[in-house]
Amino acid sequence: MIRAALIAFSLLLCTPALAADGAAVGQPAPAFELTDTDGVAHKLSDYAGKTVVLEWFNPDCPFVVYAHGKQGPLASQPARVADADTVWIAINSGAPGKQGHGLERNQKARTEYGMSYPVLLDESGAVGRSYGAKTTPHMFVIDPKGVLVYAGGLDDSPMGRGGSGTNYVDACVADLDGGKPVGTAEAKAYGCSVKYGG
């Protein structure tokens, strides 16, 4: 019994404190300014008037490794979706010393995964917490007016298993491009926990 209590206490210490709800769908997306792996600063306001897709990222999470692998959806989706009107950005909210953290690791990951879009580093976890990002990948879509219109999983098939093969991010962007209301605004996020600091 004492051993079980110690294990529970240890898990509590290792569990990051997240905002209760994070950003609310249908409300303005939280503003941020972060620097990418090339040292370039990015503000959400830089992309006003465009659809913005945010992908919470950890290069060493198995779900992310699969998603960016040859058979994974993120091998081609960002390049297919991103255009003059749509921006795709990855954010790593891992704290120093945590899995997948660090400038060099994320620079290398961009090459490994053939990522043509930026990876922003959020070591404090402030931006991740403001959005309520819990997993990698956890996806968020912001419409051209700056309103958060989708939050949740990339699709309904974690690691390519189960589900109907519905890609929620593709569907959301297609709805926005077509001037339609977003059909699915929220879905269950899956993946590894975001490696926030204490």
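Throughout, read-outs are computed from the coordinates displayed, never taken from laboratory work. Since this is a predicted model, take the numbers as computed values, not measurements. A quick note on method: Cβ atoms are made from the backbone with ideal geometry, for glycine too, and the neighbour counts reach across all protein chains shown.
Counting only DSSP beta bridges with both residues in the chain, tell me the antiparallel percent, nearest 5.
Expressed as a percentage, antiparallel bridges in the chain total about 65.
Using the alpha-carbon centroid of each, what span in Å lies between segment 112-170 and segment 71-105?
9 Å
Mind checking the angle between helix 103-112 and the chain's longest principal axis? C-alpha axes, 0 to 90 degrees, to the nearest 10.
50 degrees
Could you tell me how many degrees, from 0 to 90 and to the nearest 10, lie between the Cα long axis of helix 168-177 and the main elongation axis, the longest principal axis, of the Cα atoms of the chain?
On a 0 to 90 degree scale, this one is about 30.
Within a Cβ distance under 11 Å of SER93, other residues only, what is the Lys/Arg minus Asp/Glu net charge?
With Lys, Arg at +1 and Asp, Glu at -1, the neighbours total +2.
Under a cut-off of 19 Å between alpha-carbon atoms, report the lysines in cross-link reach of LYS98, not counting same-chain residues fewer than 8 places apart.
LYS108, LYS134, LYS195
Quick one: helix 2-14 against the long Cα principal axis of the chain, what's the angle to the nearest 10°, folded into 0 to 90?
40 degrees
Would you mind working out the magnitude of the charge dipole of segment 18-193 relative to its Cα centre, with +1 at each Lys and Arg C-beta and -1 at each Asp and Glu C-beta, to the nearest 20 Debye?
So the dipole magnitude of segment 18-193 works out to roughly 300 debye.
Taking the dipole about the Cα centre of the chain, with the C-beta of Lys and Arg at +1 and of Asp and Glu at -1, give me whichever of GLY179, ILE142, HIS68 is farthest to the positive side.
Of GLY179, ILE142, HIS68, it is HIS68.
Give me the extension gain from GLN71 to GLN99: residue separation times 0.36 nm, minus the current Cα-Cα distance, reported in nm with one decimal.
7.8 nm
Starting from the Cα gyration tensor of the chain, multiply each eigenvalue by 5, take the square root, and state the resulting semi-axes largest first in whole Å.
They are 26, 19, 18 Å, listed largest first.
Which one, GLY179, GLY152, GLY100, has the greatest fluctuation when you compute a Gaussian network model over the chain with C-alpha springs under 10 angstrom?
GLY179
Can you give the local net charge around ASP83? Use residues other than it whose beta-carbon is closer than 13 angstrom to its beta-carbon, Lys and Arg +1, Asp and Glu -1.
Cβ neighbours under 13 Å give a net charge of 0.
Taking springs between alpha-carbon atoms closer than 10 angstrom, which of ALA95, ALA133, ALA79 fluctuates most in the Gaussian network model of the chain?
The residue that fluctuates most here is ALA79.
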